Amino acid sequence: MKVLLCSALLVAVAPARGTDLPAFPFIEVTGHATRQAAPDLARVSFAVRARDASAEVAARTVADRTQEVLDLLSGSGIAPADIDAHRIDKEVVAENESAGFSAAAR
């Protein structure tokens, strides 16, 4: 009985063995790659704010401070064409019964 069982197992396992290499040409390739690159884009958001009794003075202060920031970025090696600065808001501000103007650049 043991001999018959062993023979049955050998017959069942025989087809599971590896097959011969095919007669035609073949290529098998395995690979892995890694690439590192320096970032070329940065998004920075900030606001420059000024408050004054005169809207013109507040707007001029914001414009001057914004230009200082843009000059700092340009001086750091960033081309002016690569800098996008926009959105200037003006609003009237009344605080403790003293009216004034607020300007902000983002």
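The values are calculated or read from the model by the stated rules, or taken from the named source; none is laboratory data. Since the model is a prediction, treat every value here as computed from it, not as a measurement. Cβ coordinates were reconstructed from backbone atoms using ideal geometry, including for glycine residues, and neighbour counts include every protein chain displayed. Heads up: the accessible areas ignore ligands, DNA and RNA and are worked out on the full protein's heavy atoms, side chains in. Shrake-Rupley method; radii C 1.70, N 1.55, O 1.52, S 1.80 Å.
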- [ ] Taking only protein heavy atoms into account and a 1.4 Å probe, give the accessible area per residue of the range 19-59 in Å².
- [x] 105
Open item on the list: Could you work out how much longer the chain between ALA85 and SER45 gets when fully extended? Use 0.36 nm per residue separation minus the Cα distance between them, nm to one decimal.
Closed with: 13.5 nm
Task: Largest to smallest accessible area among ILE83, ILE27, ILE78 [probe 1.4 Å] - done: ILE27, ILE78, ILE83
Task: Relative packing of peptides 65-71, 31-37 - highest average C-beta neighbours within 10 Å first - done: 65-71, 31-37
Task: Descending Cα extents along the principal axes, the range 23-68, whole Å - done: 91, 15, 11
